[in-house]
1. Residues in region 155-187 that are closer than 24 Å to V128 by Cα and open to solvent by 10 Å² or more (accessible area, probe 1.4 Å): how many?
2. Evaluate the following for D109: is it assigned by TED's automatic domain parsing to the domain that holds I17 and in contact with a strand residue (DSSP E or B) (Cβ under 9 Å, 6 or more places away or on another chain)?
3. Which ranges mark the strands (runs of 3 or more DSSP E) fully within region 188-300 that have 2 or more residues being touching a Lys or Arg at 6+ places or on another chain (Cβ under 8 Å) and open to solvent by 30 Å² or more (accessible area, probe 1.4 Å)?
4. Could you check how many residues of region 157-184 are more than 13 Å from the ligand (Cβ to nearest atom) and part of a loop (DSSP other than H, G, I, E, B)?
5. Determine if region 221-241 includes at least one residue that is of a type in the set (F, W, Y) and either without any contact (Cβ under 8 Å) to a residue 40 or more places away in the chain or in contact with a Leu (Cβ under 6 Å, 6 or more places away or on another chain) (or both).
6. Determine whether K121 is within 30 Å of V8 (Cα to Cα), away from the ligand (no atom under 16 Å from the Cβ) and among the charged types (D, E, K, R).
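The values are calculated or read from the model by the stated rules, or taken from the named source; none is laboratory data. This one's a predicted model, so the numbers in the text were calculated from it and none came from an experiment. Virtual Cβ from ideal backbone geometry, glycine too; neighbours counted across all protein chains shown. Accessible surface areas use protein heavy atoms only, side chains included; no ligands, DNA or RNA. Shrake-Rupley method; radii C 1.70, N 1.55, O 1.52, S 1.80 Å.
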Amino acid sequence: MLTNRHIVILGGDARQIEVIDKLIALDARLSLVGFDQLDRNFNGAMKVTMDEVQPRTVDSLILPVSGTDEEGTVETTFSNQQVKLTEEWLAETPDHCTIYSGISTPYLDHIAQKNGREVVKLFARDDVAIYNSIPTVEGTIMMVIQHTDITIHHANVIVLGLGRTGMSVARAFHALGAHVKVGDRNPRQIARAIEMGVDAFYLKNLGDEVDDAEICINTIPAMVLTSRVLSKMPASSFIIDLASLPGGTDFRFAKKRGIKAIITPGLPGLVAPKTAGKIIANVMQELLEEKFKEEEEDES
Ligand code: NAP
């Protein structure tokens, strides 16, 4: 239980509703900043503004999946007001105050480090990334169906990166009957792709592998679909870039070549906010209970 623990949820989208419900059930004291337009009230949680929160009372701070931008502003689906996490505000929180965020950003890392606060990156955890890959795959299939006029079955599909998301994507498209070819830089992942029954190639040879690509799904957060590679890809190809912003595609050149290329951040929150929220809520429960138990043991 999280009785008497003051947790502030700073902005976010529909996924945070699952987190709020979970933390209320665990008896936390919750302050919700950036939820003034949410058409729902919670028994056991207060909708407040940033100015109304006393930072020195805060035990934990939960940010949206995207963290903050470079000015400290957080995404707020349920508010038109700007919500900002400033260094001055953070400095007033107690030393034990931990920040939880989907990913970190240079701004967040900087202010946390300067003030000796820990940032827990939920999406760096393998379990969260793998669970999250499930709605990501469903969203990817939805996007591919919407943006192409061919079936996935028998389509030539290239998946770039066989990490936690790429693995699930490759497996799902293979199961749907696509001809899947995986590009990765790591021999271990090449071997894994072969074991899964899909074709594989080293990323350095990407330019030689794209001439028959009908669908290309990128999960590598680095520039891989360069102008050199795109120049060898059919103009009728469809690229869906799942990697975190700015993605791994030269979108300017893709447009010039007439290749339809889209970047689709936050698919889990878009296609399955409830499931995606439960994934975050479950891990938040685990982390917060563990942390407060440790603190109680240290105090006794
Ligand atoms: P991951 O497990 O770390 O996989 C990333 C893959 O990219 C690995 O195969 C990795 O290879 C490769 N890679 C990374 N940097 C590279 C580089 N410079 N050159 C070549 N290969 C490189 O990450 P993940 O959890 O699968 O997530 C992948 C991306 O998708 C992330 O950007 C994540 O934020 C994003 N994502 C987006 C959505 C969405 O809704 N759009 C949903 C989930 C995740 P190595 O193993 O060799 O490093």
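1. Start the filter on region 155-187 by keeping residues that are closer than 24 Å to V128 by Cα, which leaves 159-175, 182-186.
With open to solvent by 10 Å² or more (accessible area, probe 1.4 Å) added as a condition, the list becomes 163-165, 167-168, 171-172, 174-175, 184-186.
Matching residues across region 155-187 total 12.
2. In short, yes.
3. 199-202
4. 3
5. no
6. Considered against the rule, which asks whether it is within 30 Å of V8 (Cα to Cα), away from the ligand (no atom under 16 Å from the Cβ) and among the charged types (D, E, K, R), K121 comes out as no.
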